[in-house]
Structures are given as C-alpha cells and as structure tokens.
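**Student:** Pasting a structure here, questions to come.
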Amino acid sequence: MNIEKFWQDVLAQDAEAMKMYFHENAYVNWHCTNEHFNVEEFIRANCEYPGEWDGEMERKHCMGDLLITVTHVYTKDKTLSFHVTSFFKIKEDKILSVDEYWGDDGEAPEWRQEKHIGTAIR
C-alpha cells in the first residue's frame, strides 16, 4: 500500500481516490471523539469538513500487517493544526481498519508554562 499517496488523497479531500484504498467492510475509529465510521462515513467526514487541508506525513513504521503513521494536518489558511497518529491494519494491500488519535496543536497549558519546565521541540 502506498501510504504517502493515501495521505495526499486524504489531504486533497479526493473522495473517489480515497475509496480505492479500503476493503469493502473496512472501518475507521476516531478514539479521541469516540466515533466509529464505515468507509462511506469516513470519506464524508473528511471531504465535507469545512475548508481545505494540507499537511505532511512525518513518520511511518511498518510491522507486518500493521502500518503506523504520524501526520501533521492543518488547514490551508493555517487557522487549525493537528497531529494525527494512525494505526492501519492492512490486508491484500488495502485498509481493513484504521484507529486514529487526533491532537490539537497549540501552546503548553498555562500551569506548565508557569513552572518553566520543558522546551520547544522546534
């Protein structure tokens, strides 16, 4: 499976291209918001989201039939920014399932800033 191309199509909100990556009964779980989607629902959630996406895959790891990616996803106008960790279960070069964890990018909470602990990653 070409995971780089998958993320390009997701970020481009290309519904037709996205369908080709999934097995018929595949599903996607977004754990941070307790949502379970079939493929059609996942594609709708992605493609009907207001605004246009951009981003870059920062890491990928393959372990047998498990593919893990970390992707920086942001709106083209840069008003929203997220990091998403995705666990893809792959069979016959198609996605069987995805478990995703989305985190909002932002400043450290005030209580940690007040303690003057930690430094910026970048």
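**Student:** For the range 28-69, name all the residues that are assigned to a strand (DSSP E or B), hydrophobic (A, V, I, L, M, F, W, C) and surrounded by 15 or more Cβ atoms within 10 Å (Cβ to Cβ).
**Tutor:** Going through the range 28-69, the residues assigned to a strand (DSSP E or B) turn out to be 28-30, 35-38, 53-63, 66-69.
So of that shortlist, the ones also hydrophobic (A, V, I, L, M, F, W, C) come out as 28, 30, 37, 53, 57, 62-63, 66-68.
Answer for the range 28-69, where residues must be assigned to a strand (DSSP E or B), hydrophobic (A, V, I, L, M, F, W, C) and surrounded by 15 or more Cβ atoms within 10 Å (Cβ to Cβ): 28, 30, 37, 53, 57, 67, 68.
**Student:** Would you please name the residue that is modelled with the highest pLDDT, looking only at residues in the range 4-62 that are on the phi > 0 side of the Ramachandran plot and of a type in the set (Gly, Ala, Ser)? I'd like the intermediate steps shown before the answer.
**Tutor:** As a first pass, look at the range 4-62 and keep what is on the phi > 0 side of the Ramachandran plot: 13, 34, 51, 55.
Checking the rest, the ones that are also of a type in the set (Gly, Ala, Ser) come to 51, 55.
On the way: 51: 86, 55: 97.
Restricting to residues being on the phi > 0 side of the Ramachandran plot and of a type in the set (Gly, Ala, Ser), the top hit is 55.
**Student:** Taking the range 14-27 only, how many residues are touching an Asp or Glu at 6+ places or on another chain (Cβ under 6 Å) and either surrounded by fewer than 17 Cβ atoms within 10 Å (Cβ to Cβ) or in a strand (DSSP E or B) (or both)? Step through it out loud before you land on a result.
**Tutor:** To start, the set of residues in the range 14-27 that are touching an Asp or Glu at 6+ places or on another chain (Cβ under 6 Å) comprises 17-18.
From what is left, the residues that are either surrounded by fewer than 17 Cβ atoms within 10 Å (Cβ to Cβ) or in a strand (DSSP E or B) (or both) are 17.
Going through the range 14-27 one residue at a time, the tally reaches 1.
**Student:** Taking the condition free of Cβ contacts under 8 Å to residues at least 24 places away in the same chain, within 23 Å of residue 1 (Cα to Cα), assigned to a strand (DSSP E or B) and among the β-branched types (Val, Ile, Thr), does residue 84 pass? So that I can check it myself, show each step before the final result.
**Tutor:** On the way: free of Cβ contacts under 8 Å to residues at least 24 places away in the same chain: yes; within 23 Å of residue 1 (Cα to Cα): yes; assigned to a strand (DSSP E or B): yes; among the β-branched types (Val, Ile, Thr): yes.
Here the answer is yes, as residue 84 does meet what is asked.
**Student:** What are the pairs, 6+ residues apart or on separate chains, where a residue within the range 24-46 that is within 19 Å of residue 91 (Cβ to Cβ) and of a type in the set (S, T, N, Q) has its Cβ under 8 Å from a residue that is in a helix (DSSP H, G or I) and modelled with pLDDT under 95?
**Tutor:** Between residues of the range 24-46 that are within 19 Å of residue 91 (Cβ to Cβ) and of a type in the set (S, T, N, Q) and residues that are in a helix (DSSP H, G or I) and modelled with pLDDT under 95, there is no close pair.
**Student:** Could you count how many residues in the range 70-102 are loosely packed, with under 11 Cβ neighbours inside 10 Å and either in contact with a strand residue (DSSP E or B) (Cβ under 7 Å, 6 or more places away or on another chain) or of a type in the set (Val, Ile, Thr) (or both)? Write out each step before concluding.
**Tutor:** Residues of the range 70-102 that are loosely packed, with under 11 Cβ neighbours inside 10 Å, as a first pass: 77-79, 92-93.
Next, from what is left, pick out any that are either in contact with a strand residue (DSSP E or B) (Cβ under 7 Å, 6 or more places away or on another chain) or of a type in the set (Val, Ile, Thr) (or both): 79.
Going through the range 70-102 one residue at a time, the tally reaches 1.
The values are calculated or read from the model by the stated rules, or taken from the named source; none is laboratory data. A quick note: this is a predicted structure, and the numbers were derived from the prediction, not measured. Every residue, glycine among them, receives a Cβ derived from its backbone with ideal geometry; neighbour counts consider all protein chains shown.
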